[in-house]
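Below is one structure, written out as structure tokens; comments come after it.
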Amino acid sequence: MKPQDHPTDENSDVGFVAAERLRIFDTTLRDGEQAPGFSMDRRAKLRMAHALEALGVDIIEAGFPSASPDDFASVAEIARVLRELTVCGLARCHDNDIDACGRALASARHSRIHLFLSTSPLHREHKLNMSKQQVIDTACAAIERAKALCHEVEFSAEDAMRTEPEYLVEVFSAAVAAGATTLNAPDTVGYTTPAEIAERFAYLRQHVRGAEHVVFSSHCHDDLGMAVANSLAAVSAGARQVECTINGIGERAGNASLEEIVMALRVRPAYYGADTGIDARKLYPTSRLLTQLTGQAVPRNKAVVGENAFAHESGIHQHGMIKHRGTYEIMRPQDVGMGETRLVLGKHSGRHALRQRLQSMGHEIDEAEMDSVFARFKALADKKREIHDEDLEAIALGLDPEAIGPWRLVQLNTNSHMGGSASASVKLTHDNGHEIGEAAIGDGPVDAVLRAIERATGTTLDVTQFQVRAVSEGGDAQGQAQLTARHAERDWRGNGVSTDIIEATAHAALAIVNRIERQGASRPDAVTEECGHGRPLFDLRANGRAQKEITQ
């Protein structure tokens, strides 16, 4: 039995012992990008390639050069500009494919051609119409041709997990003799199980001639939901390269998820005895970049980088987290670059989490008052999916949390065009009877609206984060805007929902302004004195994170 690893309240790397190096072969730009809905243009691929290099991957499979002229150009450009890793191109065991790879990779500091050929009985008969010996001869000829055009050659036996083990040994032994330096035994169709793949890799390492001179690689698909488990099982059996993608994107159900593999090794170092060169703090930013480039969101419950990965709503869990983080978290969100753990307040939350959130907002509630506050909180939680700070503010102050005010949005107009600035005008009313209209110009419609609202309300805000997400489906989907802003040395959060995302943003900004005013952090009488007279505006450009969120 291997020793068990125990999470601590410190960084998950604490206590990490010397381990064997596992190479991370990222195929986001090849296997991932060819999945329906995830296609990227050349500029997007280059941005992603730079992010993967910064992340610390060892090999990047930049594309399939013979697939199209654009794929060839993308691989060639990535090979030219990346200097810290191995750039790889995929090729069938065809002369034209191999030569195209060689030309595309010509300027790479370190290049690899990744050859693949089917070996399973099903593929030999129905796909290739080749005998066993013809497959071996074709593979060896391709390897010999490729090794003259690049620094190293990887050979993949497509559908290896459904190939006869003895024949797979024969194929791989011939590939080593021909000059392959990496042998990939992929679970091409996501068919195998962890126990089976571990047994197969152990068998290959024991029987392939020259096994001690090559690296064995795992490439698993997620058709049965076991891609990561199978990849880790292969690592336990001696694989020292794993082929994976950011967010697990890829053909059909996807590939093994890079971030899940990396963090499994970090959290369980004594069990796996292997580690990577990945900068784990860049996992979440890299995941977010991919969603931005492809327009495909990550599921909320996605491991490691999903929105709920470090969020807790259950009262029992929240109580445990307040006492000691290790009760319900085996890694910190900061370890993957995500920020802070979130104790989400909803109908399952308890008194401990509610009290802590109210205290963080500056409200000290005594025990006698807590009973009524908690009762009002539960009543509202039964009506709303999630309770936001503005709701809690109203509950703590004894106000109706479903009431809007004192500021209300009466009218909103925006105008923008490509390549130029945007303008916005708003009309607001206040509970004191004032009606105010203001206009502003900004870098985009969101920026302009925020500036106009600040002019109208006279409240200075420094926006630090802005996120938008859909909360329903279809052409008339509701969008939720979430703003975080700094005012009076404190962070304030606001939420707004509308089918028009600009309007949702306006409501989120007003939610913050209303909370500030209700708490007395901004003088209500300033409305008529200071509006539109040189007050500091929302400055989204001053904060790179906020600007980045807006572009998403």
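Given a cut-off of 27 Å, name the pairs among 383/427; 282/383; 45/302; 127/302 whose C-alpha atoms lie farther apart than that in the structure shown.
Working: 383/427 30 Å; 282/383 37 Å; 45/302 23 Å; 127/302 35 Å.
Going by Cα-Cα distance, 383/427; 282/383; 127/302 fall outside the 27 Å limit.
Could you calculate the contour length gain from residue 491 to residue 193, that is, 0.36 nm times the residue separation minus the distance between their Cα atoms, to one decimal place in nm?
102.5 nm
Near the amide H of residue 118, under 5 Å away, which other amide H atoms are found, from residues 5 or more places off or on another chain, if H is placed in the peptide plane?
158
Would you tally the net charge around residue 258, using a Cβ to Cβ cut-off of less than 10 Å, leaving residue 258 out, and scoring K and R as +1, D and E as -1? Could you put the intermediate results ahead of the total?
Working: positive: none; negative: 26, 243, 259, 260.
Residues near residue 258 contribute -4 overall.
Net charge near residue 180: determine it from the other residues with C-beta under 9 Å of the C-beta of residue 180, scoring Lys and Arg +1 and Asp and Glu -1.
In short, -1.
What's the exposure ranking of 423, 120, going from fewest to most Cβ atoms within 10 Å?
Going from sparsest to densest Cβ surroundings: 423, 120.
Can you tell me the length gained on complete extension of the stretch residue 330 to residue 151, counting 0.36 nm per residue apart and subtracting the Cα distance?
60.4 nm
What is the spin-label model distance, in nm, from residue 499 to residue 166 if the labels are put 7 Å beyond Cα along the C-beta direction?
That separation, rounded to one decimal, is 6.8 nm.
Restricting to Cα pairs below 8 Å that are 6+ residues apart, what does the relative contact order work out to for segment 113-247? Please round to a whole percent.
Over segment 113-247, the number comes to 22 percent.
Does segment 171-248 come out rounded, prolate or oblate, given a ≥ b ≥ c as the square roots of the eigenvalues of its C-alpha gyration tensor, rounded meaning a/c under 1.5 and, failing that, prolate meaning a/b above b/c?
prolate
Volume per residue, Å³, of the convex hull around the alpha-carbon atoms of segment 24-294? Show your work: numbers first, answer last.
Values: hull volume 30.4 nm³, N = 271.
Measuring per residue, one finds 112 Å³ for the Cα hull of segment 24-294.
Please report the net charge: other residues with Cβ closer than 10 Å to the Cβ of residue 120, K and R +1, D and E -1.
On the way: positive: 124, 127, 162; negative: 125, 158, 159, 164.
Residues near residue 120 contribute -1 overall.
Between residue 467 and residue 99, what is the spin-label point distance in nm, taking each point 7 Å from the Cα along the Cα→C-beta axis?
5.2 nm
Could you calculate the FRET efficiency of residue 291 with residue 70 from 1/(1 + (r/R0)^6), where r is the beta carbon distance between them and R0 is 22 Å, rounded to 0.05? Could the numbers behind the result be given before it?
Values: r = 22 Å, r/R0 = 1.00.
With R0 = 22 Å, the Cβ-Cβ based efficiency is 0.50.
Between residue 366 and residue 300, what is the label-point separation in nm under the 7 Å Cα-to-beta-carbon projection?
About 3.8 nm, to one decimal.
The numbers here are math on the coordinates, done by the rules we state, and not lab data. Computed from a prediction, not measured in an experiment: that's the story for all the values here. Ideal geometry is used to build each Cβ from the backbone, glycine not excepted, and the neighbour counts take in all protein chains shown.
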